[in-house]
Amino acid sequence: MNVAYINPFITACIDVFETFAGLVSTPGRPVAGKHPGDHGSVKAMIGLNGHGINGYFIISFSHDFLKKIVAGLFGTNASASMEECNDLAGELTNMITGNAKAHLSKQGYFFDVAVPRINHTLPDIPVYMKDTPVIMVPFTTPSGEYTIEASMKTIAEDFATDHQKMFTIAEFSKQCRLSPARVKSFLRTGFLKGIQNPDKQWLIHKDQIDKFK
């Protein structure tokens with residue numbers, strides 16, 4: 001598994017915890033393994049199955065850590081039941097995955113954000129992902145620690161089909177009679193929709209040419 005696949009999740013965790021809970025998250029060193037570990041009492045798992053990608057994302061918390069977040073959100077005397085902690089774990093997972101999804105879509109990976117599964121033991125891993133490596137990243141915050149794990153593999157057939165439907169910047173420029181710099185400007189503003197391949201080169205869907213007819 002490419003370590004770059006988990007970077008959007010690391011960035012998403014930092015952004016979501018700071019925005020939602022006012023907590024600064026400091027990531028530790030990524031560690032590769034063969035299967036998820038047993039890191040916390042509350043585990044939220046979400047599948048990442050879609051175009052160009054198969055996999056899953058797990059985030060693990062302690063019950064006390066989630067209770068501290070609830071206390072910080074609703075007052076220092078607030079207490080949280082296990083059900084409320086489970087709901088919070090699911091909400092945090094949805095926000096992190098949604099944030100990471102936006103980053104991964106720029107690389108051509110598209111998937112739906114499903115409802116997270118909350119577990120208090122090790123979650124069941126899909127059979128087709130059993131042999132795919134897992135990357136684990138621990139985080140520390142002023143309120144405690146949490147851990148994320150991700151396992152992903154790409155679907156080569158999806159990307160082969162994509163490339164048949166895409167223009168490079170040079171090809172697109174020629175088709176619409178715009179300079180490459182102008183095309184890049186439209187990509188940066190979002191007017192043109194494209195993806196970046198692993199070499200950071202832009203590919204633009206051929207149907208985007210309709211915007212200039």
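Scan the stretch 120-138 and tell me whether some residue there is at pLDDT below 85, closer than 30 Å to Val183 by Cβ, surrounded by 14 or more Cβ atoms within 10 Å (Cβ to Cβ) and not β-branched (Val, Ile, Thr).
no
Just to verify a result, which residue in the stretch 145-187, among those that are at pLDDT below 75 and among the small types (Gly, Ala, Ser), is farthest from Ile135 (Cα to Cα)?
Only one residue fits best here, namely Ala160.
Which fully enclosed helices (runs of 4 or more DSSP H) of the stretch 1-111 have 1 or more residues being modelled with pLDDT under 85 and under 17 Å from the mean Cα position of the chain (by Cα)?
Qualifying helices (runs of 4 or more DSSP H): 82-105.
The values are calculated or read from the model by the stated rules, or taken from the named source; none is laboratory data. None of the values given here were measured: they were computed from a predicted structure. Don't worry about glycine lacking a Cβ; one is built from the backbone with ideal geometry, like all the others, and counts go over all protein chains shown.
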